[in-house]
Every structure is written in structure tokens, then in C-alpha cells.
Amino acid sequence: MGYAHPTKNMPDNIHYLKLEGNYGFTKWLEAGAFVYGGGYKTSYSMYDDNEMLLVDTVTNHYFAYGLSSNVHILPLFLNPSFCIVDLYITPKIGLSSNTYGNSPLKPDYFANTTKFYYSIGAGIGVNINKYVGIFVEYSYFRKNGNNVNRWFGGVNVRF
């Protein structure tokens, strides 16, 4: 489970929550599914016929879901039974969905969309014990035609 807090390179200002489940096929390869998303506000403004400024704020939602994998780098070179530090590459593919709030100022401006999603990222984890660890992950993906860089942080739980 992970969380991303908005930063300067996140123009949409979304707080993301992420849930991912993977199965370990080997010591170095995991595959599974992910879902993440969050809500964000957009403000619209325009002048009416009397030159009065009208402002409206709506809440929008963004979700991505699909297939994930993690390629663990250290087990390719080391053969310990338990690694405290974990370095990995994490490609993902799936779909992303935008649900836009309705605004009387821009009633037909946005349509709800679903698009192909892909991302590539890298992470580092610190395992507290065999079952629990913490991680920081950087990902690059495309959202609405824009390049987006995202940092996630969270907790790993292994069963």
C-alpha cells in the first residue's frame, strides 16, 4: 500500500492512494495487479454578460488499474535468504479513468475518459523483517498527454 503527496511536478494536485498485490514467481520476479487513484479540485472562471467574474470549483477523480510487475535487482547478483535492502524496477500497464465534476461554467468542456496506461519506475525498499518493509518508489507515466513524474512511499506486507 502506498501514498503520493502532491509536489511541484504534479500540476493536477492529486493525493494518490495505491494498492498493489504481487505473486513471487522467482526470487527476482513478481507479477500481479494494481489500482490507485485520488481526487482533485479544478476551478473554472469566466465573465458573464455584466462583466462579473464567476468562479466554480468541481471535484474530479482519477484512477489507474492493471497489471504490475517487480524485477528485483539484488537477487540477480546475490543469493542471500533474506535481503534487508531491496532495489527493483516496476513496469505497469493497464487503463486510467478520469471522472470530471460537472460545472455550469463549462458543461461540455470535459468528457469522462478511459485510456491506455503505462508506467515505468524504480524503487528501494528496506525490509524490517521477513514480512514487513517500507519503500520509496519513483514512476514516470503519461496522463492526458502529459509526462508525469510521481514519488510513492508506503508499506510492504508479505504473506
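In the set (1) touching a helix residue (DSSP H, G or I) at 6+ places or on another chain (Cβ under 7 Å); (2) in a loop (DSSP other than H, G, I, E, B), the condition left unmet by Leu87 is number (2).
Using the structure shown, decide if Ser45 is at pLDDT below 80, farther than 22 Å from Ala31 by Cβ and not in a strand (DSSP E or B). In short, no. Here Asn147 fits the description: at pLDDT below 90, loosely packed, with under 14 Cβ neighbours inside 10 Å, under 16 Å from the mean Cα position of the chain (by Cα) and in a strand (DSSP E or B). Note on the stretch 5-20: residues that are at pLDDT below 60 and among the hydrophobic types (A, V, I, L, M, F, W, C) total 1.
Residues in the stretch 52-69 include at least one that is out of contact with any Gly (no Cβ under 6 Å at 6 or more places or on another chain), part of a loop (DSSP other than H, G, I, E, B) and either of a type in the set (Lys, Arg) or modelled with pLDDT under 80 (or both).
Results for (1) part of a loop (DSSP other than H, G, I, E, B); (2) within 30 Å of Asp48 (Cβ to Cβ); (3) at pLDDT 80 or above; (4) charged (D, E, K, R), shown as yes or no for each residue.
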residue: Phe82; (1), (2), (3), (4): yes, no, no, no
residue: Tyr117; (1), (2), (3), (4): no, no, yes, no
residue: Gly123; (1), (2), (3), (4): no, no, yes, no
residue: Lys130; (1), (2), (3), (4): yes, no, yes, yes
residue: Phe159; (1), (2), (3), (4): yes, no, yes, no
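Among the residues examined, Tyr23 qualifies as at pLDDT 75 or above and more than 11 Å from the chain's Cα centre (by Cα).
The values are calculated or read from the model by the stated rules, or taken from the named source; none is laboratory data. Note that the structure is a prediction, hence the values are computed from the model and not measured. Here Cβ is always computed from backbone atoms with ideal geometry, including for glycine, and neighbour counts include all displayed protein chains.
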